[in-house]
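Worksheet: the structure to be examined is printed underneath.
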Amino acid sequence: MIRKSLMRGRAVLCLLALGVAVGLLCAMVVRADEASVAKGKQLVEAKKCAVCHKASSKKGKPLNEVTKDKTDEYLKGALLTPKETIDPKTKMPAYKFSDEEVKAVIDYLKSLAGGQK
Ligand code: HEC
């Protein structure tokens with residue numbers, strides 16, 4: 001009897017520990033995503049992408065629309081090798097972003113998608 005309830009207690013503890021671990025993991029993933037979006041925002045502001053990519057500019061579409069219907073692979077190409085990826089005559093400058101920076105910029109652009117900018 002005592003042993004049974006002890007075991008049940010252990011099982012409950014195990015489940016609790018598992019729940020806490022899963023919760024922590026989720027929190028870490030969300031935080032990593034937020035950090036990436038914040039880094040992307042910094043980069044996009046530092047490079048002044050919005051000079052061309054805003055509603056009132058004729059040079060590029062607004063930043064919240066550039067990711068629409070595009071794959072990550074295409075977006076990476078658009079940032080690093082725009083002439084090969086978008087159009088040989090595009091005004092989009094080529095940027096020397098690291099893989100991490102490309103991901104951050106794309107994460108940020110996607111966070112804008114659908115919103116107002
Ligand atoms: C000198 C103007 C200019 C600047 C600065 C600029 N772009 Fe562009 N970009 C363009 C043009 C023009 C295109 C062609 C498609 C369009 O009209 O959006 C383009 C295309 C893109 C595309 C692909 C969209 C598509 O529909 O093919 C992405 C993504 C993009 N730009 C992101 C950025 C980011 C991020 C920055 C800053 C790091 C930036 N651009 C800076 C002019 C610019």
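Scanning the stretch 79-101 for residues that are near the ligand (Cβ under 7 Å from one of its atoms) and either under 16 Å from the mean Cα position of the chain (by Cα) or closer than 23 Å to residue 32 by Cα (or both) yields one hit, 79.
Identify all residues within the stretch 18-37 that are without any contact (Cβ under 8 Å) to a residue 40 or more places away in the chain and under 19 Å from residue 102 (Cα atoms); write none if there are none.
Residues of the stretch 18-37 that are without any contact (Cβ under 8 Å) to a residue 40 or more places away in the chain, as a first pass: 18-32, 34-35.
29, 30, 31, 32, 34, 35 - these are the residues of the stretch 18-37 that are without any contact (Cβ under 8 Å) to a residue 40 or more places away in the chain and under 19 Å from residue 102 (Cα atoms).
A Cβ distance below 6 Å, combined with a sequence gap of six or more or placement on separate chains, defines the contacts here; from the stretch 59-84, residues that are over 14 Å from residue 48 (Cα atoms) reach residues that are within 9 Å of the ligand (Cβ to nearest atom) and assigned to a loop (DSSP other than H, G, I, E, B) in the pairs 78/86; 82/90; 82/92. Counting only helices (runs of 4 or more DSSP H) that sit completely within the stretch 6-117, those holding 3 or more residues that are touching a Gly at 6+ places or on another chain (Cβ under 6 Å) and surrounded by 10 or more Cβ atoms within 10 Å (Cβ to Cβ) correspond to 99-112.
Just to check your reading of the model, which residue among 38, 50, 46 is away from the ligand (no atom under 11 Å from the Cβ) and among the small types (Gly, Ala, Ser)?
On the way: 50 fails: away from the ligand (no atom under 11 Å from the Cβ); 46 fails: away from the ligand (no atom under 11 Å from the Cβ).
The match here is 38.
For residue 21, state whether it is more than 7 Å from the ligand (Cβ to nearest atom) and at pLDDT 95 or above. Criteria not met by residue 21.
The values are calculated or read from the model by the stated rules, or taken from the named source; none is laboratory data. Every value quoted in this text rests on a predicted model; they were computed, and no experiment measured them. Reconstructed Cβ throughout: ideal geometry from the backbone, glycine too, with neighbour counts over all protein chains shown.
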